[in-house]
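Report on the following structure.
The values are calculated or read from the model by the stated rules, or taken from the named source; none is laboratory data. Note that this is a predicted model, so its numbers are computed, not measured. Heads up, the Cβs are rebuilt from the backbone with ideal geometry, glycines too, and the neighbour counts pull from every protein chain shown. Accessible surface is based on the protein model in full, side chains and every heavy atom, while ligands, DNA and RNA are left aside. Shrake-Rupley method; radii C 1.70, N 1.55, O 1.52, S 1.80 Å.
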Amino acid sequence: MAARFGALGAMVTGRFAPTPSGRMHIGNIYAMLAAWLSSRAQGGRMLLRIEDIDTPRVLPDADRWIMDDLTWLGLDWDGDPVYQSQRHEHYEQALAILRAMPAEPSAPSHAARLPLIYPCFCSRADIRAASAPQEGDRFIIYPGTCRRAWSEQPETVRARLAAGDQHSLRIAMPTPASSRAVCRFTDRVYGPQTFNLACDLGDTVLRRADGLFAYQLVVTVDDLLQGVDDVVRGRDLLRSTALQLYIRDRLVDGGFGGETDKTDCLELAFAHLPLIDNAAGRRLAKRERSLDMGALRKRGIQPEQVIGYCAWLLGLIDQPEPCMPVDLLDRFSWERVAANTADRRIPDDPFV
């Protein structure tokens, strides 16, 4: 089959990006099957990135379980796994570049003095108290407390920093008048998307108060440096795509990523999948063990059964019949997956 090539002449690159916080479940495999099929059907390569940057959530040996389950299921990858915990120097470099940039490069007066990255002393309780809850995904938009403090009382902010007050680092979203204020992209499942970065996302933490790098920064850096241009994940991250594109754009402005050109953003392909809920209507979680790979394999469930069920969830086959990933390559298309964008609800035991 012919490979698809991006703007820089590179082969299409997809990725698995699991968090080693427990055993993978049916919802994880459903998304990973879609990612594998998307890349392999185009003759592309598939990377494995272990997203272990949030160390308090990491479970010992979970990375080994993930790789063993992927191999058992016939979902292969190219090259050695990459661990985010071993890539801190890249995130430090990216953050340093962003910290040296103004929020609004061409803005007049006081707006030009706001840095792109600013300190935030707010606690989660402070933010919840000052914010109106958003509909749908319970996303809370930062009310801008410390952004205003930097603009109106910069000396007070500097004094708090000098005193060692604990703080996170946030990235400032563009003002409504900015040419960067709106992010648009087309999702292969949910179609054209438009987000006002300030109104729909708000200023977002890139490094937490405990010193850990935030997901939004590290995933953007990794996808950029690894040449990932075929991204498949759950629809709960649809909004995050706009933020990551903005971060990527600013990193490229600052020269991060070497020869990366802004035109490569036009070649990025995104697909966000409907979520998988359990019989009670709650999203599947690793803490609920009934549908994780360890429990299923212990029961004697075969890889063909798991893949067949996930293929049915994706709309690639009419009934959940046993099959392997390679059997689905000729059937795969994003048009089939996008034919039903409703979240899926599965029974407590889909393999009885």
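The listed residues Asp253, Asp230 rank as Asp253, Asp230 when sorted by accessible area, largest first, using a 1.4 Å probe. Please find, in a Gaussian network model of the chain (springs between Cα atoms separated by less than 10 Å), the residue of Gly79, Gly254, Gly43 whose mean-square fluctuation is greatest. Greatest mean-square fluctuation among the candidates belongs to Gly79.
When the Gaussian network model of the chain links Cα atoms closer than 10 Å, the mean-square fluctuations of Val231, Val326, Val218 top out at Val326. The heavy atoms of Thr194 present about 80 square angstrom of accessible area, all protein chains included, probe 1.4 Å.
Only alpha carbons enter this Debye calculation for the stretch 7-73, each as an equal point scatterer, and the log10 of I(q)/I(0) it gives at q = 0.12, 0.13, 0.16, 0.26 Å⁻¹ is -0.34, -0.40, -0.58, -1.15.
Spacing of the modelled spin labels on Ser85 and Arg148, each 7 Å from Cα toward Cβ, amounts to 4.1 nm. The charge dipole of the chain, taken about its Cα centre with unit charges on the Cβ of Lys, Arg, Asp and Glu (plus for the first two, minus for the last two), comes to roughly 860 debye. For Rg and Dmax of the Cα atoms in Å, the value computed from the atomic coordinates appears in the list [x] 19.2, 57; [y] 19.9, 63; [z] 21.3, 67 under label [z].
Scanning the chain for GluC sites (Glu not before Pro) that sit in a DSSP loop and have at most 12 other Cβ atoms within 10 Å, the longest stretch containing none of them is 1-134.
Quote the FRET efficiency, to the nearest 0.05, computed for Trp72 versus Ala339 with a Förster distance R0 of 35 Å and r equal to the Cβ-Cβ distance.
With R0 = 35 Å, the Cβ-Cβ based efficiency is 0.75.
Once the C-beta distance of Leu161 and Thr186 is scaled by a Förster radius of 35 Å, the resulting FRET efficiency is 0.25 to the nearest 0.05. With the whole protein complex present, Cys199 retains an accessible surface near 80 Å², based on a 1.4 Å probe. What residue among Phe256, Phe139, Phe270 shows peak mean-square fluctuation when the chain is described by a Gaussian network model with Cα springs under 10 Å? Ranking Phe256, Phe139, Phe270 by mean-square fluctuation puts Phe139 first. Globularity index of the stretch 180-246 is 1.16 (Cα radius of gyration / 2.2 N^0.38 Å, N = number of residues). Divide the volume of the convex hull around the Cα atoms of the stretch 268-352 by the residue count and you get 120 Å³ per residue.
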